[in-house]
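Contents: one structure, followed by commentary.
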Amino acid sequence: MDIDKDLKNWRGVLNLIGDISIHPKIDYKKTRKAIKSYANKSLNHEDVLLLVDNTLFRSAKQGMLLTKTHLYAFSNYSGKYSIKLEDIISLKPELKTHLKIPLVGIIVNEEYFVSLPGLNQLISDEQTSQSALIVFLGVLASVLGCNIIE
């Protein structure tokens with residue numbers, strides 16, 4: 001699995017989603033804050049291949065990131081989570097409610113909810129519109145070689 005190369009092939013699609021940054025165009029400060037908040041502290045800026053910033057003020061202290069070997073995620077709702085990419089078998093889109101507020105996200109291996117509220121948007125081209133979450137889910141499943149569960 002060459003996740004770096006595979007993500008670059010999807011760069012055009014992922015660039016349509018505002019909360020997602022792809023290496024090498026990830027802000028250094030965001031990377032440092034994300035790593036400090038919820039990832040392996042030994043990671044460097046260059047190790048982060050994809051960053052999803054879940055924060056309102058764009059600090060990246062909550063969200064999700066991918067390295068060549070792991071997925072790391074954190075939100076106040078879901079808590080901290082990390083998993084080896086090779087251990088990811090399935091992804092499922094999910095809509096949960098917290099204090100009557102809808103939260104979109106992904107369930108990994110039918111076990112852990114990754115909250116991705118910023119992906120609750122439509123992305124469009126000249127012909128179609130699609131949920132950013134569904135597009136991102138498709139890209140992740142393709143890159144990671146795992147299944148999407150409906």
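Values for this structure:
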read-out: Checking G79 against (1) within 18 Å of V108 (Cα to Cα); (2) without any contact (Cβ under 8 Å) to a residue 40 or more places away in the chain; (3) under 14 Å from the mean Cα position of the chain (by Cα), the condition it does not meet; value: (3)
read-out: Within region 23-60, tally of residues that are of a type in the set (A, V, I, L, M) and either modelled with pLDDT under 90 or over 20 Å from S82 (Cβ atoms) (or both); value: 2
read-out: Spans of strands (runs of 3 or more DSSP E) in region 94-150 with at least 1 residues out of contact with any strand residue (DSSP E or B) (no Cβ under 7 Å at 6 or more places or on another chain); value: 101-108, 122-124
read-out: Qualifying strands (runs of 3 or more DSSP E) (wholly inside region 1-73; at least 3 residues being crowded, with 20+ Cβ neighbours inside 10 Å); value: 50-53, 63-66
read-out: In region 74-84, the residues that are surrounded by 15 or more Cβ atoms within 10 Å (Cβ to Cβ) and either aromatic (F, W, Y) or touching a helix residue (DSSP H, G or I) at 6+ places or on another chain (Cβ under 6 Å) (or both); value: F74, Y77, Y81
read-out: Given (1) in contact (Cβ under 8 Å) with a residue 40 or more places away in the chain; (2) within 19 Å of L144 (Cβ to Cβ); (3) under 12 Å from the mean Cα position of the chain (by Cα), number of the condition N54 does not satisfy; value: (2)
read-out: Among (1) closer than 29 Å to D125 by Cα; (2) in contact with a helix residue (DSSP H, G or I) (Cβ under 7 Å, 6 or more places away or on another chain) - the single one L43 does not satisfy; value: (1)
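The values are calculated or read from the model by the stated rules, or taken from the named source; none is laboratory data. Everything quoted here is computed from the prediction, not taken from an experiment. Cβ sites come from the backbone with ideal geometry, for glycine too, and all protein chains shown count toward neighbours.
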